Amino acid sequence: MIVKERTIPLKILILSAILRRIPLSHARYQQISDELGRRQAGYEGEQSLDFYYRELPKQKYLIFHDLNLPDGDYNSQIDTLLLTGEFILIIDVKNMAGKLIFDTENEQFIQIKGEEEKGYSYPIAQAERHQEYIKKLMAVNHFPPVPVVYLVVISNSYASYVITGKNSYKVKPKVCKGDVMLKRIQDLEGIYTTPILPAKDLRKLSRLLLKMNTPPTGYFLQKFGIKRSDLLTGVHCPYCKYLTMIRKKQKWFCPKCQQYSKDAHLDALKDYFLLFDMKITNREFRKFMRIDSIDLAGRLLRSTNLLFSGTKKNRFYYPANIQWCI
């Protein structure tokens, strides 16, 4: 059963929001654009595996796509997590072309495509970090010590891979192509046959994972060294993308294409939640939307389906769930 549906990954949404909010001349613009391209390719690879996930028995597996779990100042992003009573499986997807080399001795990951050779972070190390994170999460929350395992899945059917080095025998069972994934999962079912997590714990763990799933707000700003002052404020025109629209005739007006919009501020509000915080005050709203009126800001905020807490100056608004930003 799919507990968390596949949607556009939050990190893609955040990178897109950053590119909308920094000038084309920004020193990191191209680097961020390249990162977005890689993650979009990865998302397409994850989608290509949905056919296989549908083959898994619904009564046995609880499936979570794109989990973003807080890890101190960092974020543990898991492409797909399969939860059963016998084991937990972390699936890390790589949608890359060419020849992929897993160098287990030097812990390197190399892509050879045409005449170009390029190195990337070692997927096994990343998967093991996710593995340790889930183990610690289980222990801290007093769940039984269910086995936590992982698979690195190459989703590009035209890619080839080789595993080299003295530790290759340890890594080979943990890497596969997409069309072999179900076979590897069946192998795990044959290894882990003892039910450890009862239905009650499975439900409790599912609720915990969904509750912990939060946007990695600020993660990429920190990664790329982008200051809050680097980000452009204002409301984009939904028609020509001009920044910034102004208030005219009780609507948003674009000085460039002369179009009006009643709710163009909603997309700007989503950018704010993705980039800064999952809550916003009237004052912060006015500053980000470039409007002066407290009353207008209050009316616009109340016209959304946002929840709120507090009264008068202490009131802040927030979305009921992350789906509001997608």
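Extending 7 Å from the Cα toward the beta-carbon at both residue 107 and residue 44 defines two label points whose distance is 3.2 nm.
The relative contact order of the chain comes to 16 percent, based on Cα pairs under 8 Å that sit 6 or more residues apart.
Alpha-carbon geometry of the chain: the Rg and the Dmax are 22.6, 71 Å, given in that order. The equivalent ellipsoid that matches the C-alpha gyration tensor of segment 187-246 spans semi-axes of 46, 16, 13 angstrom, in descending order.
When you restrict to C-alpha pairs under 8 Å that are six or more residues apart and normalise by the size of segment 233-325, the relative contact order lands at 22 percent.
Beyond 29 Å in Cα-Cα separation lie the following of the pairs 135/211; 136/172; 99/270: 99/270. DSSP beta bridges confined to the chain are antiparallel in about 65 percent of cases. Taking the Cα centre of segment 258-307 as origin and assigning +1 to Lys and Arg Cβ atoms and -1 to Asp and Glu Cβ atoms, the resulting dipole is close to 100 debye. Remark: spin-label model distance residue 58-residue 312 equals 5.3 nm, labels positioned 7 Å along the Cα→Cβ axis. Calculate the tail of P(r) for segment 233-325: the fraction of all Cα-Cα distances greater than 19 Å, expressed in %. Summing the P(r) tail past 19 Å for segment 233-325 gives 36 percent.
Over every Cα atom in segment 99-177, the radius of gyration and the widest Cα-Cα span, Dmax, amount to 14.9, 51 Å.
The C-alpha atoms of the chain define a longest principal axis, and helix 294-303 lies at about 50 degrees to it. About its Cα centre, the dipole of the chain is roughly 1740 debye, where the only charges are +1 on Lys and Arg Cβ and -1 on Asp and Glu Cβ. Under the rule a/c < 1.5 gives rounded, and otherwise a/b versus b/c splits prolate from oblate, where does segment 11-65 land using the Cα gyration tensor? Here segment 11-65 falls in the prolate category.
Here, each number is a calculation from the coordinates, and none is a lab measurement. Keep in mind that this is a model prediction, so the values were computed, not measured. No Cβ is skipped: glycine too gets one built from the backbone with ideal geometry, and neighbour counts run over all protein chains shown.
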